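Visitor: Could you have a look at this structure, given as structure tokens, before my questions?
The values are calculated or read from the model by the stated rules, or taken from the named source; none is laboratory data. Since the model is a prediction, treat every value here as computed from it, not as a measurement. So basically every Cβ, Gly included, is an ideal-geometry build from the backbone, and we count neighbours across all protein chains shown. These accessible areas exclude ligands, DNA and RNA; they are computed on the full protein's heavy atoms, side chains included. Shrake-Rupley method; radii C 1.70, N 1.55, O 1.52, S 1.80 Å.
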Amino acid sequence: MSDRQVLLDVRGLTVTFGGLIAVDGLSFQVGKGEIVSLVGPNGAGKTTVFNLISGVLRATHGSARLLGQELIGLPVHRVTHRGVARTFQNNRVFPQLTVRENLLLGTHHWTRSGMLGSLVFWPRAIRAERRAQTEVDHAIELFRERLQPRLEDPAYSLSYANRRRLEIARALVAMPRLLLLDEPAAGMNPYERLELAGLIRAMRDRGLTILLIEHHMPLVMDISSRVIVMDHGIKITEGRPEEVHQDPRVVEAYLGRGVVVRR
Amino acid sequence: MTARTETIQGERRSALRQIWEAGPYAWNQALITPVFLVPFFLVAATVPLVTQYFVDNYGWTGGEFWVRIAATCAMYAALALALNLAVGYAGLLNLGFIAFFGIGSYTYALVASDQLHVHLALAPALLVVVLVTMFFALLVAAPSLRLRGDYLAIVTLAFGLIMRELTLDLDRPPVLVGHQFGPTGLNLTGGTEGVHLVDPLRLPDAFPLIHGAALQSRTYYWIFLGLTALFAYFLLRWRASRTGRAWMALREDEIAARVMGVNSYRYRLMAFTASAVMAGVVGMVDAAYIHNAFPGNYDIQQTVLVFIMVILGGLASIPGAIFGAVIVTVLPFILQPLVLYKYLIFAVILIALMIFRPQGLMGTVSMRPRRALGGTLELFTERVEPEEQEVGAEAASTAEVEAASGAIVAPPQRE
């Protein structure tokens, strides 16, 4: 961690809903090229952290800087422009659009072509469209046999796992610096999870930094370079997967006080 | 899962059956290809010539009548496409839609009649109409698009009603808090009378078929048909472009679209304004066609009519909007002998369609009352069961093994 450049620097992130403090003074850093997992029991505030970083929710206090640039307070689409892409826990693909159109949406923020440009085949609009298509083809290579044959099908016809893949691919096409994955393995069977682990590593090898929320512990332990454990909006502990795994506070957060884990 | 049009093989009956079973999504995809659209518009353009042939050779007396109906069809088709941009593509429920058609009509009537003693040529008049409708669209949309969903419908509905009242009241200078705006005797809209003797479109003399015939119905039929073709082209191009995809993404899931970097406010404003300007241009041609701008033509009923066309044909479907416009325009004439019962029959057909095909004849996006909020409308997309999971139920036990062992196990063996 210390030898890496800090990509995301979150400090004192706090959000309250009425009297409820959902995230309370959360601070952590993500280094460039890391895979960091955010784990914790249900209701710990993990997804809220994603919503705060991506601008979907407004933070009460605190800051989140991406390479020194503040993200908190920006409108959602500006956060995307800064280089943050995310997926959603509840799978938000655009059901009526085809898989290809869904993926092309990912290119929206880095292509430039206006409403009138596409009508008159303005060269810039054509170039933008061609670049977008190229990027889609490039990204789809990671999902080849899963999404490739379905490119022209509407997204509502995809299976649950394929919708998750589509969402990840769409975020990937956005060419972010930081990718936020919210429970990517939910609803996947063990084989698909294995495939997903490979996929996340492949994305890291393409130069992405990944912040991951995941409930499936073996997957987290397998791919993460560091793990951050949250409960009740507070960071309990942070460290390498094997360290966190043995931390009694983590066991307590998940299972309650006084539980003995037999190994 | 998705039915595709297969290569037609074997006997004719099975081919028809295949087309039928392919379903509306595939029909729509097939009908928006240039292979179909270009011949369609070419054939449609010959309608006045064919009627003329029957009038000349067989003494048919209904020729002019049916050309006028065809012109009305083409006008509504263009309007339905314009509305489809706002409602079908961007999911904006613009219930004041016809007001923009009216603004286009009145603007043209004012700059091309004796009302203000201004007679502009075609190009400057078109420019004025575009700018004025754009101004009004931005005026309504800029504040109200910050609101969510149904509030836009309420604001635009109110706008439509206000504009109609204005056309009735602006036969005298407006008086606001005791102050009169404009000179006494200023008559902008002609009140209940409307604006009369509006100039016909002053087309260049170069077009061979319409040379010296600018007043004929068939000229306007061709202009309306041209607008329909142009708008269909716009909608098709937008569908395959960054802008159109952003609109549809906003319709499907606003949060996800914004996370993808779509500036929701800006794109909604663009869709709303473009749709309004398209309606304004159609309104301009209509004012020239019927030689007047009359408040009764811009009633809320007209908005409902255009909405029926769009919903009947299928939201976001281009052939659907054209088809809907033709049906809704022609059906009352066909049912004419039934006098009193024609609207009853029409209503029954519409209700039946909404029950059995809420997404319209060729659409996949549908509109239904939202149950939770007591009858307001929402756009929602058809729920279709997704394909089966790739690996079946035996995976569950493996998941347990995996959880217990604390590692990712090898892929399950399948028989």
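Visitor: Order the peptides B:241-254, A:125-138 from the highest to the lowest mean number of other Cβ atoms within 10 Å of their residues.
Guide: B:241-254, A:125-138
Visitor: What part of the accessible area of segment B:26-341, given as a whole %, is carbon or sulfur when the probe is 1.4 angstrom?
Guide: Answer for segment B:26-341 is 71 percent, counting heavy atoms of protein chains only.
Visitor: For the protein assembly as shown, what Kirkwood radius comes out of the mean inverse Cα-Cα distance, in Å?
Guide: 28.3 Å
Visitor: Within segment B:229-252, which residues have the backbone N less than 19 Å from the label spot 7 Å out from B:Phe40 along Cα→beta-carbon, could you tell me?
Guide: From segment B:229-252, the list is B:229-241.
Visitor: Among A:Gly117, A:Met188, A:Gly19, whose Cα sits farthest toward the positive end of the charge dipole of chain A (+1 at Cβ of Lys/Arg, -1 at Cβ of Asp/Glu, about the Cα centre)?
Guide: The listed residue farthest towards the positive side: A:Gly117.
Visitor: Check B:Met362: other-chain or 5+ apart residues with amide H under 5 Å from its amide H, H built from backbone geometry?
Guide: Those qualifying (amide H under 5 Å, at least 5 residues apart or on another chain) are B:Gly314.
Visitor: How much length is gained on full extension from A:Arg177 to A:Arg240, taking 0.36 nm per residue of separation minus their Cα-Cα distance?
Guide: Value of the extension gain: 20.5 nm.
Visitor: Let me know the charge dipole size of segment B:26-341 about its Cα centre in debye, to the nearest 20, where only the beta-carbon of Lys, Arg (+1) and Asp, Glu (-1) is charged. Before the final figure, lay out each step's value.
Guide: On the way: 15 positive and 15 negative charges, 210 e Å.
For this selection, approximately 1020 debye.
Visitor: Applying 1/(1 + (r/R0)^6) with R0 = 51 Å to the Cβ-Cβ distance of A:Thr134 and B:Ala158, what FRET efficiency is obtained, to the nearest 0.05?
Guide: 0.60
Visitor: Now a separate question. Between B:Trp60 and B:Ile334, take the C-beta separation as r, use R0 = 22 Å, and let me know the FRET efficiency to the nearest 0.05. Present the calculation step by step, with values, prior to reporting the outcome.
Guide: Working: r = 17 Å, r/R0 = 0.78.
Once the sixth-power term is evaluated, E becomes 0.80.
Visitor: Sequence-distant or interchain residues sharing an amide H contact under 5 Å with B:Leu92, placed H: which?
Guide: Counting only residues 5 or more places away or on other chains, the set is B:Val87.
Visitor: When the Karplus curve 6.51 cos²θ - 1.76 cosθ + 1.60 is applied with θ = phi - 60°, which whole-Hz ³J(HN,Hα) does each residue of segment A:169-183 get, with x for Gly and Pro?
Guide: These are the phi-based 3J(HN,Hα) values: 4, 5, 5, 5, 5, 5, 6, x, 8, 10, 10, 9, 10, 9, 6 Hz.
Visitor: Once both labels are modelled 7 Å past Cα along the beta-carbon direction, what's the B:Arg68-B:Tyr151 spacing in nm?
Guide: 4.6 nm
Visitor: Residue by residue, what Karplus-based ³J(HN,Hα) values in Hz, rounded to whole numbers, does segment A:95-109 have, using 6.51, -1.76 and 1.60 with θ = phi - 60° and x for Gly and Pro?
Guide: With the stated coefficients, segment A:95-109 comes to x, 7, 7, 6, 4, 4, 5, 4, 5, 5, 4, x, 7, 3, 6 Hz.
Visitor: Whole Å is fine, so just give me how far the alpha carbon centre of segment B:54-104 lies from that of segment A:80-157.
Guide: Taking the Cα centre of each part, segment B:54-104 and segment A:80-157 sit 35 Å apart.
Visitor: Counting only DSSP beta bridges with both residues in chain A, what percent are antiparallel, rounded to the nearest 5? Display every interim value, and only then the final one.
Guide: Numbers: 21 of 37 bridges.
Counting DSSP beta bridges with both partners in chain A, the antiparallel share is about 55 percent.
Visitor: Here's a follow-up. With every protein chain kept in place and ligands, DNA and RNA left out, what is the accessible area per residue of segment A:64-144? Probe 1.4 Å, answer in Å².
Guide: On a per-residue basis, 42 Å².
Visitor: Mind listing the phi-derived Karplus ³J(HN,Hα) values for segment A:50-65, rounded to whole Hz, using 6.51, -1.76 and 1.60 with θ = phi - 60°, and x for any glycine or proline?
Guide: 4, 4, 6, 5, 7, x, 5, 10, 8, 6, 6, 9, x, 9, 9, 10
Visitor: OK, next. Give me the distance in nm between label points sitting 7 Å out from Cα along the Cα-to-Cβ direction at A:Ala202 and B:Glu21, one decimal.
Guide: Those two pseudo-labels are separated by 3.6 nm.
Visitor: Using 0.36 nm per residue of separation minus the Cα-Cα distance, give me the extension gain between A:Glu70 and A:Tyr160 in nm, one decimal.
Guide: Result for the pair: 28.9 nm of gain on full extension.
Visitor: Still on this structure: For the interface of chains B and A, what total accessible area is buried with a 1.4 Å probe, rounded to the nearest 100 Å²? Spell out each step's value before the answer.
Guide: Values: alone 22880 and 13080 Å², together 31100 Å².
Accessible area lost upon association: around 4900 Å².
Visitor: Roughly what % antiparallel, to the nearest 5, for the DSSP beta bridges in the protein assembly as shown?
Guide: 65 percent
Visitor: Just going by the charge dipole of the protein assembly as shown, with Lys and Arg at +1 and Asp and Glu at -1 on Cβ, which of B:Thr303, A:Ile140, A:Gly239 is farthest out on the positive end?
Guide: A:Gly239
Visitor: Still on this structure: For segment B:40-97, which chymotrypsin sites (Phe, Trp or Tyr not before Pro) are in a loop by DSSP, counting at most 16 other Cβ atoms within 10 Å?
Guide: Here the sparse-neighbourhood loop sites are B:Trp60.
Visitor: Same structure, new question: Once amide H atoms are placed 1.01 Å from N in the peptide plane, what residues at a sequence separation of 5 or more from A:Thr237, or on another chain, have their amide H within under 5 Å of its amide H?
Guide: Close amide H contacts, sequence-distant or interchain: A:Val229.
Visitor: Let's test the formula: R0 of 45 Å, r as the Cβ-Cβ distance of A:Leu151 and B:Val118. What FRET efficiency results, to the nearest 0.05?
Guide: Calculated value: 0.25.
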